[in-house]
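Following: one structure in structure tokens, then a few remarks.
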Amino acid sequence: MIRYILKRLWHSGILAIVMSLIVFFGLYVVGDPVEMLSDDEFTEQDKIDLAIELGLDKPLFEQYFTYAGGMLQGDFGTSFVHNRPVLELILERLPATIEISLLAMIIGLSIGIPLGIFSGIKNNSRASKIISFFTTVGYSTPNFWQAIILIMVFAVFLQWLPASGRGLTNSMFGIEWAWLSLNGLQHMALPAINLAIYKICMQQRLAKSGTQEILYQEYMTFARAKGISRNRIIRRHLLRNILIPIVTITGLEVGGLIAFSTVTETIFSWPGIGKLLLDSIHMIDRPVVVAYLILITMMFVFINFVVDVMYAFLDPRIRHQK
Amino acid sequence: MIDYKKKLATLSLQTKSIFSGHPIAIAGLIGFVIFVLIALFAPWIAPQNPYDLMVLDIMDGLLPPLSKLGNGTTSWLGTDAVGRDILSAVMYGLRLSLFVAFVATTVGFLIGVFLGLLAAVKGGWVESVIMRAVDLKVSFPGILLALMMLAIFGTGVDKIIYALIIGVWASKARLTRSSALSEMQKEYIDAARISAIPNWRIMLKFLLPNSIAPVLVMVPMSLSGCIGAEATLSFLGVGVPITEPSLGLLIANGNDYLLSGKWWISLFPGVVLVSLVLCINVVADRIREHNNPFLKSMNMQ
């Protein structure tokens, strides 16, 4: 097991370095920060001074090492637009993204898995067909279109829930959270549902196909033949075995949720990191884009590592593989 | 060499066995064909050329569905802020969305299948480089990679196609490789190798036709994924240019007017987008179900 973990760790390290190189050198060709920061009154000399101040006169590789060195000490540069340290900007908005993604995840798992198991067991029932139809429609509908419909129905037409912003936030552990107040929760509702719909559909489909594959395994027939109660079969024999794909996908989907939160946050004006990324892309705020992408990449590398290890933990066949 | 008539006959037999008795999948297929026909013939059947700024009249702006335009024609689905007929814009938008998705899917598959075969045949460092690149790609959500690409190269129809290709190739390379590897265990490949047939010939003549089937099953899924991704990126303003709106961009344009009650600008492109993706997905589901021997044997029980 330890050997397996070390091997994955080694892969993850290489992955992290390669991705940071791609992001850094890729983004390097975008826009000219000097042009962005200077106005008409700047002379050529001022521009050169600015370039030197930003370190843009140095060779590319030196810039990368300076950047990577700063990054390891928690310095991701300064935003051109906000004129503040990038890390501060990102950390300030991170809680908003985390709370919305977690809420969506909880909704998705707690509705999707039971629905999936149900429609897997009762495969040919009418209810199961209706559920499957709705989840097909659900995952066929692009996220942003669902968001527009949600806003139209619940914010404009019924006027039940607010359509934008984060509402009141309260402090907990020195961080501002929206979920601590009713007003904040109301603001969270629509964006969280928007993110959750896709999750529900995915989980339902996964749990359904997992259930169907396991339902006809011989050990299931044997368990039934032994006269074990239905509930116990579902809990002990079914749930445990469909857990492996679900754990993997759920782990990977944590990242997917954060990626898709760019769309949801932009539409609902939810002040998280996804909206920050998109605003920064539009305003060519390079330090923010680079820092966001590198941080997200590191997060993905980490998530993949954790998923791999958990997978090996759940399925002994994997960790004994050469 | 290859009997095309026989191939065609088995293909049509297969299609029959996939779809017969599954009315929803048939409806999806028919719907998809209709959408493709509309997209192909948009310049001839659309009431107006929405790209031609000369025919647009700002006086016709923001008219609700079924109103009369300045030139006497009826705008069945209303107009947008610059007086563009929504029906025509949707037809052209459908054309662009489908074009982008088709190109990206096709090129993505070609690259993926080629790399997968190469990895299987060559082995060694070629295989590890390709498979590491695949690992790299599949560990990130496509939408983020596409955003990253578009942040790097800027926006435009060609750029978004590149971004989508990056999203498509990897999983196909992985599947082709595993499918080709199991094929390579068979004796006829050994026989070909002993006969000193060059690697590229083994790849194209023997491995390609025999290991492509499971990869082809993924085509519809990929297509609908590309359509959704393009719409999302265009909606976010990092996709196609404003002068040639795709379905996603049309929805984004109308989004600004939704709160003032002008629902038709976003609604119709949205309905078309969702129906298109839905049609493809029900076909995709059916094909996948048909090709999953496990589910098949189960249904027989």
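The values are calculated or read from the model by the stated rules, or taken from the named source; none is laboratory data. Given the structure is predicted, the values throughout are model-derived calculations rather than measurements. Heads up, the Cβs are rebuilt from the backbone with ideal geometry, glycines too, and the neighbour counts pull from every protein chain shown.
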Matching residues in the range B:241-293 - criterion: being of a type in the set (Phe, Trp, Tyr) and in contact with a strand residue (DSSP E or B) (Cβ under 9 Å, 6 or more places away or on another chain): B:Trp264
Which numbered condition B:Ile227 misses (of (1) more than 22 Å from B:Ile161 (Cα to Cα); (2) touching a residue at least 24 places away in the same chain (Cβ under 8 Å)): (1)
Residues of the range A:140-154 satisfying the condition of being facing chain B (nearest Cβ under 9 Å) and either in contact with an Asp or Glu (Cβ under 6 Å, 6 or more places away or on another chain) or not polar (S, T, N, Q) (or both): A:Pro142, A:Phe144, A:Trp145, A:Ile148, A:Ile149, A:Ile151, A:Met152
Qualifying residues in the range A:260-275 (those that are more than 15 Å from A:Pro95 (Cα to Cα) and of a type in the set (A, V, I, L, M)) - the one nearest to the other protein chains (Cβ to nearest Cβ): A:Val263
Boolean, B:Gly70 is modelled with pLDDT under 90, of a type in the set (Gly, Ala, Ser), touching a helix residue (DSSP H, G or I) at 6+ places or on another chain (Cβ under 6 Å) and outside any helix (DSSP H, G or I): yes
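So which residues in the range A:176-189 are surrounded by fewer than 24 Cβ atoms within 10 Å (Cβ to Cβ) and either touching a Ser or Thr at 6+ places or on another chain (Cβ under 8 Å) or in a helix (DSSP H, G or I) (or both)? Full working, then the answer.
Pass one, the range A:176-189, residues surrounded by fewer than 24 Cβ atoms within 10 Å (Cβ to Cβ): A:176-177, A:179-186, A:189.
Matches in the range A:176-189: A:Glu176, A:Trp177, A:Leu180, A:Ser181, A:Leu182, A:Asn183, A:Gly184, A:Leu185, A:Gln186, A:Ala189.
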Filtered residues of the range A:73-102 (kept if in contact (Cβ under 8 Å) with a residue 60 or more places away in the chain and in a strand (DSSP E or B)): A:Thr78
Qualifying residue in the range B:115-122 (condition: in a helix (DSSP H, G or I), out of contact with any strand residue (DSSP E or B) (no Cβ under 6 Å at 6 or more places or on another chain), without any contact (Cβ under 8 Å) to a residue 24 or more places away in the chain and more than 14 Å from chain A (Cβ to nearest Cβ)): no
Residue in the range B:143-152 that is touching a Phe, Trp or Tyr at 6+ places or on another chain (Cβ under 6 Å), surrounded by 17 or more Cβ atoms within 10 Å (Cβ to Cβ) and either farther than 23 Å from B:Leu236 by Cβ or within 11 Å of another protein chain (Cβ to nearest Cβ) (or both) present: no
Yes/no for B:Lys159 being over 18 Å from B:Ser97 (Cβ atoms) and more than 9 Å from chain A (Cβ to nearest Cβ): no
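Yes/no matrix, rows are residues, columns are (1) in a helix (DSSP H, G or I); (2) surrounded by fewer than 17 Cβ atoms within 10 Å (Cβ to Cβ):
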| site | (1), (2) |
| --- | --- |
| A:Ile228 | no, yes |
| A:Arg235 | yes, yes |
| A:Arg240 | yes, yes |
| A:Pro245 | yes, yes |
| A:Thr264 | yes, no |
| A:Lys275 | yes, no |
| A:Leu293 | yes, no |
| A:Met299 | yes, yes |
Residues satisfying the stated conditions in the range B:238-252, i.e. in contact (Cβ under 8 Å) with a residue 40 or more places away in the chain and either farther than 30 Å from B:Thr79 by Cα or within 14 Å of another protein chain (Cβ to nearest Cβ) (or both): B:Val238, B:Gly239, B:Ser246, B:Leu247, B:Gly248, B:Leu249, B:Leu250
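Condition check: assigned to a loop (DSSP other than H, G, I, E, B), in contact (Cβ under 8 Å) with a residue 24 or more places away in the chain and closer than 30 Å to B:Ser224 by Cα. Does A:Ser164 satisfy that? I'd like the intermediate steps shown before the answer.
Working: assigned to a loop (DSSP other than H, G, I, E, B): yes; in contact (Cβ under 8 Å) with a residue 24 or more places away in the chain: yes; closer than 30 Å to B:Ser224 by Cα: yes.
In short, yes.
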Cross-chain or 6+ apart pairs with Cβ under 6 Å, the range B:28-53 first and farther than 20 Å from B:Ile287 by Cα, then basic (Lys, Arg) and modelled with pLDDT under 90: B:Pro50/B:Arg84
Residue tally, condition part of a helix (DSSP H, G or I), closer than 26 Å to A:Pro162 by Cβ, at the interface with chain A (Cβ under 8 Å from one of its Cβ atoms) and not polar (S, T, N, Q), over the range B:253-280: 3
